[in-house]
1. Residues of segment 40-71 being in a loop (DSSP other than H, G, I, E, B) and crowded, with 16+ Cβ neighbours inside 10 Å, which ones?
2. What's the number of the condition residue 153 fails, among (1) within 23 Å of the chain's Cα centre (by Cα); (2) not in a loop (DSSP other than H, G, I, E, B)?
3. Which of (1) surrounded by fewer than 17 Cβ atoms within 10 Å (Cβ to Cβ); (2) part of a strand (DSSP E or B) is the odd one out, the single condition residue 303 does not satisfy?
4. I'd like to check something: does segment 272-282 contain any residue that is assigned to a strand (DSSP E or B), touching a strand residue (DSSP E or B) at 6+ places or on another chain (Cβ under 8 Å) and buried (at least 23 other Cβ atoms within 10 Å of the Cβ)?
5. Can you tell which of 209, 217 is modelled with pLDDT of 95 or more and assigned to a loop (DSSP other than H, G, I, E, B)?
6. Looking at 286, 320, can you tell me which residue is at pLDDT 95 or above and under 17 Å from the mean Cα position of the chain (by Cα)?
7. Looking for whichever is buried (at least 21 other Cβ atoms within 10 Å of the Cβ), closer than 25 Å to residue 126 by Cα and touching a strand residue (DSSP E or B) at 6+ places or on another chain (Cβ under 8 Å) here; the options are 335, 350. Which one fits?
């Protein structure tokens, strides 16, 4: 979720909590701070309101929600399924909507994922490559429609094979005449376009849980191909991604997590909006998403998680990564990311939490140090 939006959600949620009547307030606080887990494995729903203001958007209002459940409550090994939704609108006629699902069928035999998203919102564009400049910041309005889905079937223990597809339609409008977006002739896809990726996935998953993992390994390999369905100068080519995670339990309260992410896109007429982007609330925290983008991405991170008690936790993390063009891996300098954060577990039994992180990164000459504050639902990896 967008970190600015979640900051607004958090602030308004606290205001809602504080403004309640005395009896209801104390009852709610007692429930939120209790260390007792719900052993019934029942479903749960967390709604969060959102209200904020920014110069480029005006007043923004909306909400988010997370619904979690088990498809087989009697099976203690059945993984947690989740539905996550978010919708906001602004007085400047901008909007943001997303609905994502992550479903594990009984016996974990099938893993089903989907995303439906519409976004009419501004973002900052800085150019292409791993050395873009802050002074080139160019606000762009993006209109995005995305529909994606995936299905993976377990053929052997912990081993899944599946198919995926992702359709995107994008349009862009430059808000500043003469900015880097409009004057740079090397940027492909300024008007936007359409693309349909169809892929195959191979996954190995031995994690003890898919929410707050304490031990096990996760590895997903995905190769997707985009045929020349839409003609003209639309993109056709391939996308390859590797997502590796490993977790070790150091003690009853300490967990060490390791994560590696590799992405590579190849083909004719690769538009700027499909290039891998460095930085998010999950990997390379501290970097604005899209500040650095190029044909390939390599990022690594490690995280030590401390579960203080069933309700609260802390973490510290360090990472390194960068984007680069083909054939230039040996020449890139990895950018650093280091930070820490707190965890509040709103569902102890399922290991679902609200994550608050702060991270810092590199400092380029003449610029402020890269940094980011993140308020999200669930762990980074």
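The values are calculated or read from the model by the stated rules, or taken from the named source; none is laboratory data. Everything numeric in this text was worked out from a predicted model, so none of it was measured. Cβ atoms come from the backbone with ideal geometry, glycine included; neighbour counts cover every protein chain shown.
1. As a first pass, look at segment 40-71 and keep what is in a loop (DSSP other than H, G, I, E, B): 40-43, 55-57, 70-71.
Correct list: 41, 57, 70, 71.
2. It is condition (1) that residue 153 fails.
3. Every condition holds for residue 303 apart from (1).
4. Quick first cut of segment 272-282, residues assigned to a strand (DSSP E or B) only: 277-278.
Filter once more, so that each one left must be touching a strand residue (DSSP E or B) at 6+ places or on another chain (Cβ under 8 Å): 277-278.
Applying the additional criterion that residues be buried (at least 23 other Cβ atoms within 10 Å of the Cβ) yields 278.
Checked segment 272-282: at least one residue is assigned to a strand (DSSP E or B), touching a strand residue (DSSP E or B) at 6+ places or on another chain (Cβ under 8 Å) and buried (at least 23 other Cβ atoms within 10 Å of the Cβ).
5. 209
6. Details: 320 fails: under 17 Å from the mean Cα position of the chain (by Cα).
Every option except 286 fails the conditions.
7. Values: 350 fails: closer than 25 Å to residue 126 by Cα.
After applying the criteria, what remains is 335.
Residue by residue, here is whether (1) in a strand (DSSP E or B); (2) touching a residue at least 12 places away in the same chain (Cβ under 8 Å); (3) surrounded by 17 or more Cβ atoms within 10 Å (Cβ to Cβ); (4) out of contact with any helix residue (DSSP H, G or I) (no Cβ under 9 Å at 6 or more places or on another chain) holds:
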position	(1), (2), (3), (4)
238	yes, yes, no, yes
241	yes, yes, yes, yes
248	yes, yes, no, yes
256	yes, yes, no, yes
259	yes, yes, yes, yes
266	yes, yes, no, yes
270	no, yes, yes, yes
